[in-house]
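Below: one structure, written as structure tokens.
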């Protein structure tokens, strides 16, 4: 069974005999970013499975399959088995959010999707009504809350390959939406609290919780769970 890391269009094959390291100074060199660990993640084989381990001390990573059916938050010291055929990994170091793909062959499991009723399109009138709500997963989002998430993820949704990108500042995102910064921050608080109440970690505000950290975690969660997709870019002007 083979494993390949695809970062910025370049492929790195993992060996059965030694871990494939990922970080600032590693087998897969992500970026010369001082906020990024020299070795942050490692991909290795054990007990006939490939494992992804967080060997850093401060950064976390979000791991999800390509269909949005599985998501894990990989804290320092944690590791997970990679039992499906394809995963995407997101993480944030300083002002930059990165993502790369892990592709596996001859995996022991395959993802199974149950047939679901397609959701009816949301009427434009509902998006013009700030009190209307649309359900995304287990969470009901108002149109403004959905727009906020799309604006934060816009740079990643328009990218054609895994790599890295910048999450817009609150001021830039607010300008993109035609909002005041105060309105943007208030709705960001509401979105993060709503997702935190639904069980998503890393979003709850409080002492020492900077808005930039919450935005990064929100973007990682939204992309990994397919809370927003390329189709949602049509909601932006």
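No value in this document is a laboratory result; all are computed from the given coordinates. Only a predicted model underlies this, so the values are computations on that prediction, with no experimental measurement involved. Quick reminder, even Gly has a Cβ in these numbers, built from the backbone with ideal geometry, and neighbours come from all protein chains shown.
Each peptide in 216-229, 181-194, 6-19 was scored by the mean count of other Cβ atoms within 10 Å over its residues; highest first, the order is 216-229, 181-194, 6-19.
Take region 32-93, drop everything but the C-alpha atoms, weight them equally and run the Debye formula without solvent; then report log10 I(q)/I(0) at 0.17 Å⁻¹ to two decimals. Ignoring solvent entirely, the Cα scatterers give -0.57. Here each label is just a point 7 Å from Cα along the line to Cβ, and for residue 58 and residue 10 those points are 2.6 nm apart.
Between residue 230 and residue 193, the C-beta separation translates, for a Förster distance of 30 Å, into a calculated FRET efficiency of about 0.65.
Among 170-179, 37-46, the peptide with the highest mean count of other Cβ atoms within 10 Å heads the list, and the full ranking is 37-46, 170-179. Here residue 25 and residue 213 are evaluated by their C-beta separation; at R0 = 25 Å the FRET efficiency comes out at 0.55. With 0.36 nm allotted per residue and the present C-alpha distance subtracted, the residue 183-residue 169 stretch has 3.7 nm of extension available.
On full extension, the segment bounded by residue 78 and residue 17 gains 19.9 nm, given 0.36 nm per residue less the C-alpha separation.
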